[in-house]
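The structure under discussion appears below in the form of structure tokens.
The values are calculated or read from the model by the stated rules, or taken from the named source; none is laboratory data. The shown structure was predicted, so the numbers you read here are calculated from the model rather than taken from an experiment. When we count neighbours, we look across all protein chains shown, and the Cβ atoms used for this are built from the backbone with ideal geometry, even at glycine.
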Amino acid sequence: MKVITANFVTCAVKECKTSPESYPLHFHDAELEQQEQEFQPEFIRNIVPRIDWDALRTTSNELGFPSLPESKPEGEALDDEQILKDLHRLLLETQVSEGKLVCGNCGHEYMIKEGIANFLLPSHLV
Amino acid sequence: MATPQVDAAYEQKNVHEVYQQIAQHFSATRYKPWPIVERFLQDLAPGSVGLDVGCGNGKNLMVNRDVFIVASDRSENLARIALQHQPHSTVVADILDLPHRGASFDFAISIAVVHHLSTPARRIQAVAEMLRTIKPGSEMHEGGKILIYAWALEQKNSRRGWDKGDEQDRMVPWVRKGDQPQTFHRYYHLYEEGELERDIDNAGGRVLEAGYEKDNWWAIATPKTADV
């Protein structure tokens with residue numbers, strides 16, 4: 001599961017979706033791997049405005065990466081190839097192959113196996 | 001009277017388990033996006049972020065290289081096949097409990113999925129759950145859009161030959177080819193003309209466009225807003 005995915009998912013439990021505590025989900029016991037992807041600067045430039053930057057900083061921090069700048073790159077910073085490359089590496093190439101995503105509201109754990117997170121709920125949570 | 005647990009168990013046996021079994025062969029027979037799906041995805045602005053709910057093998061993920069899609073499927077085996085389509089993401093999730101925040105996506109597609117839900121309430125709930133994730137429109141901005149496809153009852157020229165007035169709830173065979181061919185049965189609800197639009201309306205959506213393509217009814221919709 002790519003780091004970018006964590007920016008666009010939250011807890012599947014109905015009551016959690018409106019709770020600020022449930023987003024972003026927290027990685028636990030994450031095994032990381034790098035998977036090379038084609039670098040498309042235009043794609044990164046387009047997607048950055050859509051990223052929830054605070055959530056990405058939290059995720060990146062929890063995975064043990066150096067701190068991201070406090071504010072999201074915009075304007076001229078998005079013409080800086082190195083900034084785009086670094087974001088490409090973090091968002092698309094950094095993958096969590098095994099581990100868990102944990103909801104900060106209800107505590108439910110979603111398993112990640114061979115790179116795929118499973119959000120199916122046990123019947124008592126549906 | 002069936003309960004949600006009973007309905008879910010029915011779909012588990014007659015839809016989800018079948019797709020797990022036929023994933024490989026099913027995927028090998030699905031490679032080309034349908035024209036309306038292609039047009040919908042190509043019309044999206046660069047940088048749009050959306051969902052493909054019930055993505056199957058992910059055949060619709062490569063239509064537009066300038067958007068980002070979080071794809072999901074109930075079948076882990078299909079999700080694993082869809083995972084290969086970069087730069088998108090694939091997760092395992094249920095259309096009735098999507099793991100996404102509300103009002104945050106530009107678009108969502110669900111192609112040949114809602115017809116596998118076994119009661120009217122669950123089919124409406126599925127549409128409502130997709131609409132929940134979509135950015136509503138405002139005076140300043142057009143709202144996000146969903147595209148839904150469902151198998152039509154009216155398909156008298158297809159090899160199945162069903163038409164208006166026939167039974168809408170059916171078990172449809174899938175023959176898995178190979179050394180030892182095996183037949184599986186999947187549950188389908190066949191939509192009659194106008195039914196998809198009615199479901200969307202009941203789910204809180206406003207239909208923008210609708211039609212018929214390749215034995216399916218389709219509709220494009222946006223969340224209803226207070227002033228509409």
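For A:Phe8, indicate whether it is within 9 Å of chain B (Cβ to nearest Cβ), of a type in the set (Phe, Trp, Tyr) and on the phi < 0 side of the Ramachandran plot. Here the answer is yes, as A:Phe8 does meet what is asked. Scan segment A:30-45 and tell me whether some residue there is buried (at least 17 other Cβ atoms within 10 Å of the Cβ) and assigned to a loop (DSSP other than H, G, I, E, B). For segment A:30-45, residues buried (at least 17 other Cβ atoms within 10 Å of the Cβ) and assigned to a loop (DSSP other than H, G, I, E, B): present. Filtered by the rule that a residue be within 24 Å of B:Val172 (Cβ to Cβ) and part of a strand (DSSP E or B), segment B:98-137 gives B:Ile109, B:Ser110, B:Ile111. Note on segment B:169-225: among residues that are among the small types (Gly, Ala, Ser) and within 20 Å of B:Phe107 (Cα to Cα), the one that is surrounded by the fewest Cβ atoms within 10 Å (Cβ to Cβ) is B:Gly211. I'd like the full set of residues that are in a loop (DSSP other than H, G, I, E, B), of a type outside the set (A, V, I, L, M, F, W, C) and modelled with pLDDT of 85 or more, limited to segment B:19-54. Residues satisfying the conditions are B:Pro33, B:Asp43, B:Pro46, B:Gly47, B:Ser48, B:Gly54.
Out of everything in segment B:152-193 that is of a type in the set (Ser, Thr, Tyr) and farther than 17 Å from B:Ser118 by Cα, what residue ends up being nearest to the chain's Cα centre (by Cα)? Reasoning before the result, please.
Keep residues of segment B:152-193 that are of a type in the set (Ser, Thr, Tyr), which gives B:158, B:183, B:187-188, B:191.
In the following step, the residues that additionally are farther than 17 Å from B:Ser118 by Cα were identified as B:158, B:183.
Numbers: B:Ser158: 21, B:Thr183: 24 Å.
Applying the filter and picking the extreme gives B:Ser158.
Taking (1) touching a strand residue (DSSP E or B) at 6+ places or on another chain (Cβ under 9 Å); (2) more than 10 Å from chain B (Cβ to nearest Cβ); (3) farther than 30 Å from A:Pro122 by Cα in turn, A:Glu33 satisfies each apart from (3).
Go through segment B:101-123 and report how many residues are within 10 Å of another protein chain (Cβ to nearest Cβ) and either charged (D, E, K, R) or surrounded by fewer than 24 Cβ atoms within 10 Å (Cβ to Cβ) (or both).
4
Residues of segment B:203-228 that are of a type in the set (A, V, I, L, M), touching a helix residue (DSSP H, G or I) at 6+ places or on another chain (Cβ under 8 Å) and either assigned to a loop (DSSP other than H, G, I, E, B) or without any contact (Cβ under 8 Å) to a residue 24 or more places away in the chain (or both): B:Ala203, B:Val207, B:Ala210. Can you tell me which residue in segment B:108-121 is farthest from B:His141 (Cα to Cα), limited to those that are under 13 Å from the mean Cα position of the chain (by Cα) and not aliphatic (A, V, I, L, M)? The selected residue is B:His116. The numbered conditions (1) touching a residue at least 40 places away in the same chain (Cβ under 8 Å); (2) assigned to a strand (DSSP E or B); (3) over 14 Å from the mean Cα position of the chain (by Cα); (4) within 12 Å of chain B (Cβ to nearest Cβ) are all true for A:Ile112 except (3). Within segment A:12-24, count every residue that is part of a loop (DSSP other than H, G, I, E, B), more than 7 Å from every other protein chain (Cβ to nearest Cβ) and not hydroxyl-bearing (Ser, Thr, Tyr). The number of residues fulfilling the criteria is 2.
Taken together, A:Leu56, A:Leu87, A:Leu91, A:Leu101 contain a single residue that is under 15 Å from the mean Cα position of the chain (by Cα), more than 23 Å from B:Leu78 (Cα to Cα) and either assigned to a loop (DSSP other than H, G, I, E, B) or at the interface with chain B (Cβ under 10 Å from one of its Cβ atoms) (or both), which is A:Leu91. Just checking, does segment B:185-192 include any residue being at pLDDT 95 or above and under 30 Å from B:Gly137 (Cα atoms)? Checked against the condition, which is being at pLDDT 95 or above and under 30 Å from B:Gly137 (Cα atoms), segment B:185-192 yields at least one hit. Filtering segment B:62-96 down to residues that are among the charged types (D, E, K, R) and within 14 Å of the chain's Cα centre (by Cα), which residue is farthest from the other protein chains (Cβ to nearest Cβ)? This residue is B:Asp73. Close contacts from segment A:79-107, counting a first residue that is on the phi < 0 side of the Ramachandran plot and a second that is part of a strand (DSSP E or B) and of a type in the set (S, T, N, Q), with Cβ to Cβ under 7 Å and a gap of 6+ residues or different chains, come to A:Glu93/A:Gln34; A:Thr94/A:Gln34.
For residues that are of a type in the set (S, T, N, Q) and under 19 Å from the mean Cα position of the chain (by Cα), scanning just segment B:1-23, find the one that is surrounded by the most Cβ atoms within 10 Å (Cβ to Cβ). In this case the residue turns out to be B:Asn14.
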